[in-house]
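Values quoted throughout were computed directly from the atomic coordinates according to the rules given, and no laboratory measurement underlies them. Since we're looking at a predicted model, the values are computed, not measured. Reconstructed Cβ throughout: ideal geometry from the backbone, glycine too, with neighbour counts over all protein chains shown.
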Amino acid sequence: MNLSRRTLVGAGAASLFVPALAFGATTSKRLVVVVLRGGMDGLAAAPPVGDPAYASARGVLAQQKAQTLALDATFALHPRFENLHAMYRAGDAAVIHATCTPYRERSHFDAQNVLETGGVRPYARNAGWLNAALRALPAERAAGRRELGLALAQQAPLILRGDASVATWSPSPLPDANTDTVARLMDLYGRRDPGLATALQSAVAANGIAMDGAGLRAGGRAIAPVTKAAAQFLKLPQGPVAAVVEMGGWDTHANQGAEAGQLANNFALLDQGLAALKSDLGETWRDTVVVVMTEFGRTVAPNGNRGCDHGTGAAAFLLGGAVRGGRVIADWPGLAPNQLNEGRDLRATTDLRAVLKGVVRDHLGVSDANAFPDSAAVRPVDGLLKG
Amino acid sequence: MSLDQAALAANRFGFGARPGELRSIAGDPVGWVKAQLTPERAPPAVIAALPPAEDDVLAFGRFYVSQRLQGENGERMEQRLERQGVSREDIQRLSTEDAFRQHFRARYDNATKARLDTAFATERPAFERLVHFWSNHFTVSAMKPQAAAMPPSFEKEAIRPHVGGRFADMLVASTKHPGMGIYLDNWSSIGPNSRWAREPRSMPRLGFGPGGRPTGLNENLGREILELHTLGVNGGYAQADVQALAAIITGWTYDRPPARYYFGDEKGTRSGAQLFSFVNDAHEPGAKTLLGKSYPPNGVAQGEAALQDLARRPATARFIATKLARHYIADTPPPAAVDRIAQAFTRSDGDLRATMTALVDSPEAWASPFVKFKRPEEYLISVMRALDIKTLPPGVGANACGAMGQVIWRAQGPDGWADTSGPWLSGDLVWKRIEWAEALAQRVSRADVDPASIGEAVLGPLLSAETRQAVQRAESPMQGMVILLSSPEFQRR
């Protein structure tokens, strides 16, 4: 813990996640979105080992059924998802399969743009659906918070950009700055540069809180340190309602491996990150929904480099104490050649927006049409949550 | 004499002034920029001394071999190497030492040092900024392990010689360079109807290194050429064009060094252009139709012609003009300036000097100082120039950039680093700049170093009264230095 930063928070230099008003019932609900960048191979994460076409369609990428972690008659989890599998069995995790945003081309950046804006077309707007949902949060839930969202990143990703106020935080390898110097800069920025002033205010406040997470160091590809930090913010009574964690390394065009290998290692890091989030959230886990999603799936057949290319239907995970889990939610289109999209991709039969709309409505109490533009025809999925 | 125009020129077109430099710019700030838009006669000595592409290829290969020897199939790998004439002793040395990992890190530290030291000390900062701009436009990122050693030789061989030259030449050089080929997978992409695909047994051993035997088309580079290098994502192409371009550049690969090169002290000597190889047996035969135009079968010339045509498309002119205007003028580029720059690009057939001249002649570029927020690397460079520090030890500058959010040559994806303030002007990154400025100030501050006069020397009339006052009222020269280096005028350009 760092005393100087906390002192600044207490002195009122900034008030991130510190109650702006002293009253109030405020929501204990928390939403965490984990964005997997690069197109995670859903057929590797949650292999449909019971699909008769699975082994032949996937070729060198097919996993041995006996090594996978069984979910139901059709689906399993990759062997490295041990913690996620335990959550599934405990009824706290669900797999959404054959899902995608409405985007049907194959550019990462366009697809991530659609995933994060919640829209139909890329670059249609410059704000994220999660920000829009936070902006539309019922007043009694927003009460007592200045920043409603938090990006565990050096830069707020598009999904969190917009009118609602959000903060960013990531671990620092540098020594702390001097308190008095920071106060003087705050004053200078206040006079000269509103953009810098806002940034510095949120930084000062965020640091005070994150330091409560133990052993936070920058560097490495593991996301557990990041999800642990997220947990420190989220479990504060006036903590952010939503947090975003990002993880890259999913664009497996070459040598992705099957039960073991490059992609398996990434699954293990993700699995550890999710487990760390659960354990550090403690009681808050009960009120939490975690969405793990990616911009698109990958081609069914391996390519010439023992990897696979950009596809369509993907897998997503919902987990958390609030999730009605222990099930795979999918209208399974099948892997036989005549069942594929353009003869190459898993078809997307569940609009990812329907899932997100269901979560946002039932967990955050938000039905605002602005969060997912042009989606009137996309009905939210009912019953994703317990109770 | 215009000191404020000089300060703007130094900040926006260069990397910030060194003490004394503003006076020499002030006579003709526009001319000062334009004089630097010509190609350089020879690269700076530290850049020239960087290893060529073949050595970068070997660097990754050595790391890969050492990892593999320690891995599950290490024994089989040893046997295979012995069969290829590598001595048992060399193999043992490699598998017991972690020296190659160190070696890898040392290469990165040395190459980033060359890039940064050049920018700290150069008399042609406007040229150097353009090198950084184009290197980012054609991103080869070390985020991909197989490409981890490649960015320095790529920047040196494919980008630098064409800054101030023709865009089409840079595009061809980039596409042929093994750095790009490895980063976006094209080196192993083969046509579905090529001889190698039809008769896999005809495929020779592809030398040594990572990656299995290629068996198919890989669209990655074809797509990114259209989306990121030329037309831009809304440039009017379809998935069929992506596939056509990918097919056109099948067989564009590189000579892989023989296995024995991965051991001992053998140095790679060939540049990317020398390493480039067109393999007709891997090339998709026949004519291809790209953007409505048919390209007859013509070996490597088919792809060269397609790239030349792409460079001439109006969408490319517009995309490049927009990116340049965003980099130099404002996050939301003024449309009139974009039009002018795009016209210059088209009129000059993609001459980058003429294109930049149109930008420099745009009144918008000189209108409002400080609308652009510096990225961490340019921030670091401007600080070093202001303090007249011409060199840093290997790794120090790169680590500083990394701590502030920008690990040099490791952009997240092939779209490179964002050129808008949004991603950089976050609480977290602003905080890290202040932390870094403080750590630096503790090292450089002395009683006889006056931060206020440094501020005046490098920012001239652009130093605001508020910042000057905050610096002067600091409790120590050290604190004054932190405030100066963290001031809005220093963080923006």
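Here the peptides A:356-366, B:79-89, B:350-360, B:464-474 are ranked by packing, the mean other Cβ count within 10 Å, and the order with the highest first is A:356-366, B:350-360, B:464-474, B:79-89.
Just so you know, the Rg over Rh for segment B:305-432 is 1.03, from Cα atoms, with Rh as the Kirkwood radius. Against chain B, whose longest principal axis comes from its Cα atoms, helix B:335-347 is set at around 50 degrees. Taking chymotrypsin sites (Phe, Trp or Tyr not before Pro) as exposed when their DSSP state is a loop state and no more than 14 other Cβ atoms lie within 10 Å, the longest site-free interval of chain A runs over A:124-387. Label sites at B:Arg80 and A:Asn370, each approximated as a point 7 angstrom past Cα along Cα to Cβ, lie 5.8 nm apart. Of all alpha-carbon pairs in the protein assembly as shown, indicate the percentage at a distance above 51 angstrom. Within the protein assembly as shown, distances greater than 51 Å cover 16 percent of Cα pairs. The residue list B:Ala282, A:Pro47, A:Gly297 was ranked by how far each Cα lies along the charge dipole of the protein assembly as shown toward its positive end, using unit charges on Cβ atoms, and A:Pro47 comes out on top. Would you compute the Debye intensity of segment B:376-491 from its alpha-carbon atoms alone, equal scatterers and no solvent, and pass along log10 I(q)/I(0) at q = 0.21 Å⁻¹ to two decimals? Scattering profile of segment B:376-491, log10 relative to I(0): -1.22.
Could you work out the local net charge near A:Asp163, counting Lys and Arg as +1, Asp and Glu as -1, over the other residues with Cβ closer than 15 Å to its Cβ? Mind dumping the intermediate values first?
Details: positive: A:Arg125, A:Arg135, A:Arg145, A:Arg146, A:Arg161; negative: A:Glu147, A:Asp368.
With Lys, Arg at +1 and Asp, Glu at -1, the neighbours total +3.
Wrap a convex hull around the Cα atoms of chain B, take a quarter of its surface area, and give that in square nanometres.
Value for chain B: 24.4 nm².
Sort largest first and round to whole Å: the equivalent ellipsoid semi-axes of segment A:116-174, each the square root of five times a Cα gyration tensor eigenvalue.
21, 19, 6
Taken over the Cα atoms of segment B:185-344, the convex hull encloses 146 Å³ per residue.
How many percent of all Cα-Cα pairs in segment A:239-387 sit more than 22 Å apart? Looking at segment A:239-387, the distances longer than 22 Å represent 51 percent of pairs. So, in Å, what gap is there between the alpha-carbon centers of segment A:235-271 and segment B:451-473? For segment A:235-271 versus segment B:451-473, the Cα centre distance is 46 Å.
Pairs exceeding 18 Å between alpha-carbon atoms, taken from B:Lys323/B:Lys432; A:Lys228/B:Lys432; B:Lys176/B:Lys323; A:Lys235/A:Lys278; A:Lys278/A:Lys357; B:Lys34/B:Lys176: B:Lys323/B:Lys432; A:Lys228/B:Lys432; B:Lys176/B:Lys323; A:Lys278/A:Lys357; B:Lys34/B:Lys176. Cβ crowding within 10 Å, taken as a proxy for footprinting-reagent exposure, orders B:Thr118, A:Thr227, B:Thr38 from fewest neighbours to most as B:Thr38, B:Thr118, A:Thr227. Among B:Lys432, B:Lys113, the ranking by other beta carbons within 10 Å of each residue's beta carbon, starting with the fewest, stands as B:Lys113, B:Lys432. Rounded to the nearest 10 degrees, the angle from helix A:224-234 to the longest Cα principal axis of chain A is 50 degrees. Among A:Leu130, A:Leu335, A:Leu196, the residue with the largest mean-square fluctuation in a Gaussian network model of chain A, with springs joining Cα atoms closer than 10 Å, is A:Leu196.
Place a +1 charge on the Cβ of each Lys and Arg in chain A and a -1 charge on the Cβ of each Asp and Glu, then give the dipole magnitude about the Cα centre in debye, rounded to the nearest 20.
360 debye
Working note: Cα gyration tensor of chain A, eigenvalues times five, square-rooted, sorted largest first, giving semi-axes of 37, 21, 20 Å. Of B:Trp187, B:Trp32, the sequence from fewest to most neighbouring Cβ atoms within 10 angstrom is B:Trp32, B:Trp187.
Taken residue by residue and averaged, Cβ atoms of other chains lying within 10 Å of the Cβ of A:296-304 number 3. Angle between the Cα long axis of helix A:352-364 and the longest principal axis of chain A, 0 to 90 degrees, nearest 10? Here the helix axis deviates by roughly 40 degrees.
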